[in-house]
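**Student:** Starting off with a structure, shown below.
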Amino acid sequence: MAQLVVTGGARLRGTVGVLGAKNAVLKHLVATLLAPGIHRIDNTPDIVDVRLMAQVISHIGASCRFEGTSVEVEVPDELLPEAPIDLVRRMRASILVLGALLARCGEARVALPGGDDFGSRPIDMHLEGLESMGAEFELVHGVLRAIAPGGLHGAEVMLEFPSVGATENLLLASVMARGTTVIGNAAREPEIQDLAEFLVTMGAVIRGAGTSTIEIDGVGGLDPGRHRAVPDRLEAGTYLVGAAITGGEVTVIDCVPGHLRMELRKLGEAGCSYEVGKDWVTLSGPERPRPVDFATLPYPGFHTDMHPQMVSLLSLAEGTSVITENIYAARFRYIGELNRLGADVQIEGQHVIIRGVTALSGCPIDACDIRAGAALVLAGLAADGVTTVNDAEHIDRGYADFPGKLAALGAHIERFD
């Protein structure tokens, strides 16, 4: 069990860079399965989830070689179309091998996914969309067995909700399907557009990625690709909230400010001042935040993965804030830990009621997922005394050298394994 020991009181100041988005690189690794040969993904973060996905595709037959912030993936002519339960249960994104393997092999055996426990997140939309393209499914002992007896074919798929995972699975499945596939009510996240750009370098024909309607013309085969992953907006946003909660000033470089438009707007409403350039954001935090209300929504709305960090910030606001969580029903397990620090946060249905307090007080607390862990560390930076965040290995799944980057900004933080 890893621990992060944080001594509060330091204002974060300085410049920090971010690498490629976890939620993009994981999908790029899966996409390599579509074409034999050597692929290269640059701007890759060295985080646990990337290493886990590398193990998943290695089991299928690929080999991965990491060098600095790049990974080369060599994909053979023949694949083993299965993803084992011991790997898949540790990371939800593993379900995306379903679409890729159906496209490449015409079959797949994938254990039902795990990852962070945010309540029920069914994959019904994934399966219904793939069924409309000619796939057939059978669930046997927790393993989803899929076949496409006549191969995948194009279809018009209207998603009930702009699900990121379903959009990605259908995108991966359709690039080599016969005919044209249209995904309606598609997710519009920057990571979707980034996946499409990588697939296009491999020879895919895709129109409309980043909009609510994506059209894909299937091609007979793909070639290896090289791509630089889009910067991680969630890592960037976390360091900006770090500046806000400590009353400091931080410049985040190598990012895309436009991908944080809604989050920056809400930080501004909370009393922060900020300036943006082409690939950087400088944010200065207030002496005490103002209360802010918002709802999490699909992109371009406020990202659910920035919700816990904002709750930490608003726990110190001068007034009451209300956050409505519309994406993950069980995202609130970290709130009890935040309240142990002296916050006054209550849950009413899908709403989080945050009554700002004047100070937090350090104590031992437990991280329960990636973003909750980061949020609790940020709260510890602003708390009086020492905060020990247990189970900090959760944070390693989404942040490369989180304590090191915070320490470089002036935080008093140590890691113990």
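**Student:** Name the one entry in Glu269, Glu275, Glu287 that is more than 24 Å from Ile41 (Cα to Cα), out of contact with any helix residue (DSSP H, G or I) (no Cβ under 7 Å at 6 or more places or on another chain) and free of Cβ contacts under 8 Å to residues at least 12 places away in the same chain.
**Tutor:** The conditions single out Glu275.
**Student:** Oh, and also: With respect to Val219, is the statement that it is of a type outside the set (Ser, Thr, Tyr), at pLDDT 95 or above, closer than 24 Å to Ala135 by Cβ and in a loop (DSSP other than H, G, I, E, B) true?
**Tutor:** So Val219 passes the test.
**Student:** Would you say Val50 is within 30 Å of Leu381 (Cα to Cα) and without any contact (Cβ under 8 Å) to a residue 40 or more places away in the chain?
**Tutor:** yes
**Student:** Still on this model: Is it true that some residue in the range 248-255 is in contact with a Phe, Trp or Tyr (Cβ under 7 Å, 6 or more places away or on another chain), touching a residue at least 24 places away in the same chain (Cβ under 8 Å) and either hydroxyl-bearing (Ser, Thr, Tyr) or part of a helix (DSSP H, G or I) (or both)?
**Tutor:** Within the range 248-255 (the criterion being in contact with a Phe, Trp or Tyr (Cβ under 7 Å, 6 or more places away or on another chain), touching a residue at least 24 places away in the same chain (Cβ under 8 Å) and either hydroxyl-bearing (Ser, Thr, Tyr) or part of a helix (DSSP H, G or I) (or both)), the answer is yes, since at least one residue qualifies.
**Student:** Here's something else I'd like to know. Can you pull out the residues in the range 8-30 that are in a helix (DSSP H, G or I) and over 14 Å from the mean Cα position of the chain (by Cα)?
**Tutor:** Hits for the range 8-30 are Leu29, Val30.
**Student:** A further question on this structure: Show the residue pairs that are 6+ apart or on different chains and have beta-carbon atoms under 9 Å apart, the first residue being within the range 395-416 and without any contact (Cβ under 8 Å) to a residue 24 or more places away in the chain, the second being surrounded by 15 or more Cβ atoms within 10 Å (Cβ to Cβ).
**Tutor:** Between residues of the range 395-416 that are without any contact (Cβ under 8 Å) to a residue 24 or more places away in the chain and residues that are surrounded by 15 or more Cβ atoms within 10 Å (Cβ to Cβ), the close pairs are Gly404/Ile413; Gly404/Arg415; Ala407/Ile413.
**Student:** Right, something else. Would you kindly identify the strands (runs of 3 or more DSSP E) lying entirely within the range 64-181 that contain at least 3 residues that are of a type in the set (Val, Ile, Thr) and in contact (Cβ under 8 Å) with a residue 40 or more places away in the chain?
**Tutor:** 70-75
**Student:** Ok, one more. I'd like the full set of residues that are surrounded by fewer than 21 Cβ atoms within 10 Å (Cβ to Cβ) and closer than 30 Å to Ala382 by Cα, limited to the range 216-250.
**Tutor:** Across the range 216-250, the qualifying residues are Gly247, Gly248, Glu249.
**Student:** Still on this model: Can you find, within the range 251-276, the residue that is surrounded by the fewest Cβ atoms within 10 Å (Cβ to Cβ) among those that are under 12 Å from His303 (Cβ atoms) and not basic (Lys, Arg)?
**Tutor:** Checked the range 251-276; the qualifying residue surrounded by the fewest Cβ atoms within 10 Å (Cβ to Cβ) is Met262.
The values are calculated or read from the model by the stated rules, or taken from the named source; none is laboratory data. Computed from a predicted model, the values in this text were never measured in an experiment. FYI the Cβ positions are ideal-geometry reconstructions off the backbone, even for glycines, and counts take in every protein chain you see.
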